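Heads up: the structure comes next, in structure tokens.
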Amino acid sequence: MVVINSEGKFNENTYLIDGQLFRMKGFMAVYIIENNGMRMMIDTSSSLMARNIMKKIKEFGLSPIHKLVLTHSHFDHMQGVGRLRDLQKEVEIEVMASENAIENLKNPERMNEGIKVDPVECVTPLKEGDIIDLKGLKLEIINIFGHTQDHIAVFDEKNKNIFTGDAILNRYDQETFSPTFMPPDFNESELLKTFEKLREMKTNLNSISLSHFGVWEGSDFERIINEMEKLHHKTKESIIEWYSENHSRDYIAAKYHEKFIPNSKIHTRENIAGLKWIINGLIIGLLSSGCMKR
């Protein structure tokens, strides 16, 4: 097994909880890091799932949560902040995010057009090189811009693991992946720098924890690091070509399925509604960033 996609503890300090975005299993990972009784959560999923996530936290004996790091300001990573704060009244959760995310969290409509997201106030700003100390477990903040310009990773040197949010790739299972050039803040030149930064860290890592979805180790960890840039260019160039042929999201989703994920059990030929939603976001991301012309 080179991918960990079931809930529970997967290294000495870390747990995976399924955030069930859109009520879909295996679509959004929430991570809890624990050391000597201090616990930090990474991302929230949607507000709809907050009660279920808090229930799982208690089942795993991880209550209360002391700190919450938001990898970036897209709704599926921060919409649950308010509900989680309401559900855990005994200890106030310290919310932390990139210094670039503070205004986006106060004004979430900029990053999440058409989706209701409550503002997130009282956020501790983080910058590259900052260390979060969980009673002796040191976690380093790393800027990994591109997907958004407020995206950070959390590097756990002790366990040789890095939490990359949505920064480089979404790989839901062995047969299903999607790139991350989503709107409204995608910047390709910054993404290429992120790829290089992660390649330079490779010798200090054994695993990579993706928000969408799971912890990838061994040969699959190697595969993600080695292929992330190539997959970015291949999927980008293909979508640009298909968009020039036909603007239809149905057409482009079908072509994407045929070329890249024909054996996916998540997005099947008979049911590509979810894939079409992803493709729509990718198209808008390419258009808004100037990578593709109307």
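Values quoted throughout were computed directly from the atomic coordinates according to the rules given, and no laboratory measurement underlies them. Just so we're clear, the structure is a prediction, and the values are computed from it rather than from any experiment. As a convention, Cβ positions derive from the backbone with ideal geometry for all residues, glycine included, and neighbour counts pool all protein chains shown.
A few points about this structure:
- Lysine pairs within region 128-232, Cα separation less than 27 Å, 8 or more sequence positions apart or different chains: 19
- Euclidean distance of C-alpha centroids, region 33-52 and region 114-175, integer Å: 13
- Net charge dipole, region 69-205: roughly 320 debye, given to the nearest 20, about the Cα centre with Cβ charges of +1 for Lys and Arg and -1 for Asp and Glu.
- Positive-end residue, region 3-230 charge dipole about Cα centroid, Cβ charges, pick of Val117, Ile224, Pro183: Val117
- Working note: Karplus 6.51/-1.76/1.60 with θ = phi - 60° gives region 228-236 the couplings 4, 6, 4, 5, 4, 5, 5, 6, 4 Hz, where Gly and Pro are set to x.
- Size check on the chain: the Cα extents along the three principal axes, sorted descending, read 56, 39, 35 Å.
- Taking Ala167, Ala253, Ala153 in turn, the Gaussian network model of the chain (Cα-Cα springs below 10 Å) assigns the largest fluctuation to Ala253.
- For a straight C-alpha distance cut-off of 17 angstrom, the lysines reachable from Lys106 (same-chain residues fewer than eight places away being disregarded) are Lys116.
- Converting phi to 3J(HN,Hα) with the Karplus coefficients 6.51, -1.76 and 1.60 and the offset θ = phi - 60°, region 178-190 yields 8, x, 10, 7, 8, x, x, 10, 5, 9, 5, 4, 5 Hz in sequence order, with x at every glycine or proline.
- Phi angles of region 122-135 translate, via the Karplus equation with coefficients 6.51, -1.76, 1.60 and θ = phi - 60°, into HN-Hα couplings of 6, 10, 7, x, 10, 10, 4, x, 4, 10, 9, 9, 9, 6 Hz per residue; Gly and Pro are given as x.
- Highest mean packing first, where packing is the average number of other Cβ atoms within 10 Å per residue, the peptides 2-9, 109-116 line up as 2-9, 109-116.
- Listed by chain and number, the lysines whose alpha-carbon sits under 21 Å from that of Lys293, ignoring those within fewer than 8 places in the same chain, are Lys234, Lys236, Lys255, Lys276.
- Zone residues, region 65-86, relative to Leu48, backbone N less than 16 Å from point 7 Å out along Cα-to-Cβ: 75-81, 83
- Stretchable slack from Glu94 to Glu175, in nm (0.36 nm times residue separation minus alpha-carbon distance): 25.4 nm
- Comparing Gly82, Gly26, Gly129 in a Gaussian network model of the chain, where Cα atoms under 10 Å apart are tied by springs, the biggest mean-square fluctuation is seen for Gly129.
- Amide H contacts under 5 Å for His151, placed H, 5+ residues apart: Ile144, Gly146
- Point-to-point label distance, Glu121-Ser189, nm (Cα→Cβ direction, 7 Å offset): 3.7
- Relative contact order (%) - region 3-230, alpha-carbon pairs under 8 angstrom, separation at least six: 17
- Potential extension, Lys265-Asp133 segment - 0.36 nm per residue separation minus Cα distance: 43.5 nm
- Dipole of the chain, positive direction: furthest Cα of Leu198, Phe10, Phe155, with charges on the beta-carbon: Phe10
- Residue separation of Glu109 and Asn204 scaled by 0.36 nm, minus their Cα-Cα distance, works out to 30.5 nm of gained length.
- Cα centre as origin, Lys/Arg/Asp/Glu Cβ charges: the chain dipole, Debye: 600
- Over the residues of the chain, the helix contribution to mean residue ellipticity at 222 nm works out to -10500 deg cm²/dmol, using -39500 (n - 2.57) for each DSSP H run of at least 4.
- Angle of helix 249-260 to the longest C-alpha principal axis of the chain, folded into 0 to 90 degrees and rounded to 10: 80°.
- In degrees, nearest ten, helix 50-59 long axis to first principal axis of the chain (Cα): 50
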